[in-house]
Amino acid sequence: MSSETRDCRRVKVFYTGGTIGMLRNEQGALTPVPNEFERKLRRNPQMHDEEFARKLFGDSAEMAPLVLPEVQGMKRITYSFHEYESLLDSSNMTMEDWAQIANDVHQVYEMYDGFVILHGTDTLPYTASALSFMCENLGKTIIITGSMIPIFDVRSDGIDNFLSALILAGNYIIPEVSVYFNYRLYRGNRTVKVSSSRFDAFDSPNFPPLATVGHKIEVAYREIYRPCSIEKFRVQSNLNSHVGLLRIFPSIPTATVKSFLQPPIEGVVLQTYGAGNVPSNRTDLIDVFREATKRGVIIINCTQCSKGAVSDIYETGKTLYDVNVTPGCDMTPEAALTKLAYVLSKDEWDAETKRVMMKSNIRGELTGEKPPQLQEWDLIDSVARTLHLSSQDVEQLDSILFPSMLCSAVQNSDINKLTELKGYGANMCATNSDLRTPLHIASALGNLEIVRYLLVNGASIHERDRNEITPLLDAIQGEHEEVIKVLRQCGAHLTLSLKEIGDRLCSAASYGQVKRLKSYKLAGANLSQVDVSGRTALHTAIMCNQIEAVNYLILSGVNTTTKDKLGFSPIELAKHMQLEPIVEMLSSNQDGQQGLPSTVSRTSNGTNGHS
């Protein structure tokens, strides 16, 4: 892999439709034009560096991914563009479309570092909320963006939104479905549309931005909601459509409410006054709610206000609690509705579990019970006061102290210290000066207990250090098979190019490093992968007379017929080198027999299978 390629990050762009890609027709009206968006992007120097693309991809540059111009201090972004066959106005977006987007992300999840979804603005918060629930155990960045004016208009907000979304998706691991608009990155299920015409069309009333883009990009790492389970990314693509929104208004007819709550409805978001209040003197309404919840309908109480949460401090709000209406805390109506559709689709959950999940914080969509007060500033402030540091210096101190202390705790296998540091507010994804995280250190050391602890406390398997090494590659290098299994269980995958994987397999084979070959196989590598010379690990093991490595590769079912650039298959190479024991092994394999011939020693060429 060239240094230019190693310094690139790959982003997948899904263009679903919306204003951002529209063009003006002869009458000046905005209209989507199929297959025109990418073609125009390739001619826009702000969105595509044609010269660098030719350097990177050669003669195939015209058909290759697009490349952003260089941004100082950031990795280069290459992005592949997928335009949906039917471009949708977001007003026409359906649950089936959400499922299509989620499944498309899942299909190419391991091939890209991040994802950007271009979307119309009208129903964007619904899509962002739905995807946040559908994407389970998400470990990479998904950003939804659009624009109020088409990207190809002179006075468009689309360029900044699209560019910034690409840079964030490629350079930062923010494992959430988020919304980027007007220099701010919001949590998707906290976002609402607040204007039909302004560039700051979206807001997150009850939660701060995850990132702010200005002269510098400032990421609120402590606000990021991270997966805390040892499971792979997956998609819950089927949603329950028997849900609805019901807004209370003065003198709302009982018949209207009763009709709305009839089958097949299974879940309702009830938008109430203020802190979650309904008329307490309307016993007819309360009886309708009681009867519906007894039938199993889940009713979620959300406020009609843009800020704040529901509460039972007033009698008019407590009335709903008494009839088993579930509090929605500070969820947006969009989040509450899509969460209902998601939770109700979970057939493996019983009715009580579904009610509990609706009032639980599962993707950062609501503010639950206040967490214990962090003690971090007791620690940081005491050091800062001693050194007479400014507020800006204090932030730098935070980024220096915690990574060092976390890595030290990992090296000493001190889980109690890690827990204590977490209580002080330490980020388990914090990086040291070499951009190595605690998970890198634990994986390199092969400390399975610490690896598991870090994973269930939000550590990212996708972080790369200054040399582009992931925790999985550290575990492979150390030949820590149990750690590799756990990282793979969590969704870790190889980020190397196929040719680079081939080079590393051949290197391991040349030294007879059977455990290294096993480690790569556990990590998902294809042991038949060729290197830059067209040779497989089997070719190299034969050339170096590494009999045990040859035997392992044969038993692993590698392709024994691949020819290198000189035209030699493995058996032809062994015959050419007059390595009769290996010729016999390969011939036995072709005849359906496996294993070392009885006359062949387990070691050869002065090695014991390890470097």
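What follows is calculated from the coordinates using simple rules that are stated; it is not laboratory data. Only a predicted model underlies this, so the values are computations on that prediction, with no experimental measurement involved. Cβ atoms come from the backbone with ideal geometry, glycine included; neighbour counts cover every protein chain shown.
Given N residues in region 401-506, what is Rg(Cα) / (2.2 N^0.38 Å)? Don't skip to the end; give the middle numbers.
Working: Rg = 13.5 Å, N = 106, 2.2 N^0.38 = 12.9 Å.
Ratio of Cα Rg to 2.2 N^0.38 Å: 1.04.
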> Where does the chain land at 222 nm, in deg cm²/dmol rounded to the nearest 500, when only DSSP H runs of n ≥ 4 count, each adding -39500 (n - 2.57), divided by all residues?
Replying inline: -11000 deg cm²/dmol
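To one decimal place, what Kirkwood hydrodynamic radius in Å is obtained for region 498-589 from all pairs of distinct Cα atoms?
Working: mean 1/r = 0.0799 Å⁻¹.
One decimal place: 12.5 Å for the Kirkwood radius.
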> For the Cα atoms of the chain, what angle does the longest principal axis make with the long axis of helix 283-294, in degrees from 0 to 90, nearest 10?
Replying inline: 20 degrees
> Going by alpha carbons, how many degrees (0 to 90, nearest 10) lie between the helix axis of 158-171 and the longest principal axis of the chain?
Replying inline: 50 degrees
>> Need the C-alpha centroid separation for region 190-239 versus region 526-562, integer Å.
In response: 46 Å
> Of the peptides 236-243, 520-527, 299-306, how do they stack up when ordered by the mean number of other Cβ atoms within 10 Å, highest first?
Replying inline: 299-306, 520-527, 236-243
>> With the cut-off at 24 Å, tell me which of the pairs LYS12/LYS339; LYS193/LYS346; LYS12/LYS40; LYS75/LYS518 have Cα atoms farther apart than that.
In response: LYS12/LYS339; LYS193/LYS346; LYS75/LYS518
>> So for each of 476-485, 15-24 I average, over its residues, the number of other beta carbons within 10 Å; can you give me the resulting order with the highest mean first?
In response: 15-24, 476-485
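Can you give the % of DSSP beta bridges in the chain that are antiparallel, to the nearest 5? Show your work: numbers first, answer last.
Details: 18 of 52 bridges.
Expressed as a percentage, antiparallel bridges in the chain total about 35.
So what's the projected area for the chain, the Cα convex hull averaged over all directions, in nm²?
Details: hull surface 139.1 nm².
It is 34.8 nm².
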> Using the C-alpha gyration tensor of region 126-209, what are the square roots of 5 times its eigenvalues, in whole angstrom, with the largest one first?
Replying inline: 21, 15, 10
> Taking the Cα atoms only, what angle lies between the long axis of helix 580-590 and the longest principal axis of the chain, rounded to 10 degrees?
Replying inline: 40 degrees
> Among 337-350, 100-113, how do they line up from the highest to the lowest mean number of other beta-carbon atoms within 10 Å?
Replying inline: 337-350, 100-113
>> Please compute the volume of the convex hull spanned by the alpha-carbon atoms of region 243-359 and report it per residue in Å³.
In response: 88 Å³
